[in-house]
Amino acid sequence: MSASALFDSVSGSNALSAASLFNVSGWVAVVTGGGTGLGLVTATTLAENGCKVYITGRRLEPLQEAVEAYKVRKNGYTHKGEIIAVQADVSTKEGSRVSRRASKEISKWRVALIRPEFREAIEKDEKWINILVNNHGVSHGCADINACEQTPEGLSKQMFENENFDAWRVLSHYRINCASYHFTTFAFLPLLAAAKSVGGYPEPGNIVNLSSMSGITKTSQRGQFGYNASKAATISLSHMQAAEFARRNLGVRVNCICPGYFPSVSRNDRHPPDANTGSEAHTAEFRNKWGIPFGRPGSAVDYAQCIFSLVTNQYVTGAEVVIDGGWLLESAF
């Protein structure tokens, strides 16, 4: 192979333009938990660049609000995509698989009322999907390991008596942050494979799983052992999915995003404030109190750029992408 072979493969074309590199126009995507937070950013990003995006969640109201908000945004631009809301509970195996569907129109966007399943609701209208983003997740309260006497006896009392066993086992950490990703992924695997075999795309659909920097850090972040362990499990699950699909030549890529602190719909004393004026005081707070070297939380643009890089790069699988402003470099408290 000549030294210029790599460049010669794109010579005389616009393959290296941003419009070509990140072209998702006409793609079909499913974003779980897409009505709020990072899921809403993901869905809107893809739709504004031409994707038909199905968003799902347990509560109908946030989904409707997301559809209406996108309609307002679309009226001011020339977006070709759309957002379709699907009410579903993917925290159960049944909720990821089969559907009983009733629909109603909201202007040009549909809301499908799925109780409790949704895959077959999408199969009625789509022969394939190009992107599956397992974005849904949960975080329960936990005992603060620093808020007790720092002795074996004090730690034992705090972390045993003040922790809820069901929060680890039944009430969601693993059920939602890990197990539901497994079942949702395998429920949609045939539709993902069909993007190439039926849709004629260069590759099958790909998967992005949402983990967290909390799944990588070696600290408990003041005692949130259950959440951090479940997010570490998400990363491990993503690696296994990527490996098993690759060794079977399925071509379905699986990658994982590990965000740091981003503004969220739920706030507590374990998360920095949403407000960020860029002032010296705010920069100092984010840097010194919350351990973010960049001195600010992540933005919607930061996250959108990360999403695009993963869903469009056909040579990346089994990766976990950290987007935390340098937090893990310091691993504060």
Take the eigenvalues of the Cα gyration tensor for segment 215-262, scale each by 5, and report the square roots as semi-axes in whole Å, largest first.
-> 27, 11, 6
Residue 302 accessible area, assembled protein chains, probe 1.4 Å, Å² = 40 Å²
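Could you work out the per residue convex hull volume over the alpha carbons of segment 27-72, in cubic angstrom? Write down the numbers at each step before the final one.
Values: hull volume 2.6 nm³, N = 46.
Dividing the Cα hull volume of segment 27-72 by its residue count gives 56 Å³.
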Estimated inter-spin distance, residue 22 and residue 247, nm [label 7 Å along Cα→Cβ] | 3.5 nm
Could I have the simple spin-label model distance between residue 13 and residue 73, label points 7 Å from Cα toward Cβ, reported in nm to one decimal?
-> 3.0 nm
How much net charge surrounds residue 211 when only other residues with a Cβ under 11 Å from its Cβ are counted (Lys, Arg +1; Asp, Glu -1)?
-> 0
Tell me, what is the 1.4 Å probe accessible area of residue 128, in Å² to the nearest 10?
-> 60 Å²
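Which net charge results for the neighbourhood of residue 259, defined as the other residues with beta-carbon distances under 12 angstrom from its beta-carbon, given Lys and Arg at +1 and Asp and Glu at -1? Intermediate results must be reported in sequence, preceding the final value.
Values: positive: 231; negative: 302, 320, 324.
Summing Lys and Arg as +1 and Asp and Glu as -1 gives -2.
Order 213, 240 by their accessible area, 1.4 angstrom probe, all chains in place, largest first. Write out the running numbers ahead of the final one.
Values: 213 5, 240 110 Å².
Largest accessible area first, the residues go 240, 213.
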What accessible surface, in Å², does a 1.4 Å probe find on residue 163, ignoring ligands, DNA and RNA and rounding to the nearest 10?
-> 40 Å²
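Given a Förster radius of 22 Å and the C-beta distance between residue 165 and residue 219 as r, what FRET efficiency does 1/(1 + (r/R0)^6) yield to the nearest 0.05? Before the final figure, lay out the partial values.
Numbers: r = 22 Å, r/R0 = 1.00.
So, using R0 = 22 Å, E works out to roughly 0.50.
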Residue span residue 5 to residue 150: 0.36 nm per residue of separation minus Cα-Cα distance leaves a gain in nm of 46.0 nm
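How far, in nm, would the chain grow between residue 125 and residue 65 when pulled straight, counting 0.36 nm per residue and subtracting the alpha carbon separation?
Values: separation 60, 0.36 × 60 = 21.60 nm, distance 2.25 nm.
That pair, residue 125 and residue 65, stretches by 19.3 nm at full extension.
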Can you tell me the FRET efficiency between residue 80 and residue 201 if r is taken as the Cβ-Cβ distance and R0 is 22 Å, rounded to the nearest 0.05?
-> 0.80
Taking a 1.4 Å probe, which of 40, 63 shows the most accessible area, and what order do the others take after it?
-> 40, 63
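The values are calculated or read from the model by the stated rules, or taken from the named source; none is laboratory data. Everything numeric here is computed off the predicted structure, so don't read it as measured data. Neighbour counts are summed over all protein chains in view; Cβ atoms, including those assigned to glycine, are modelled from backbone coordinates with ideal geometry. For accessibility, only protein heavy atoms count, side chains too; no ligands or nucleic acids. Shrake-Rupley method; radii C 1.70, N 1.55, O 1.52, S 1.80 Å.
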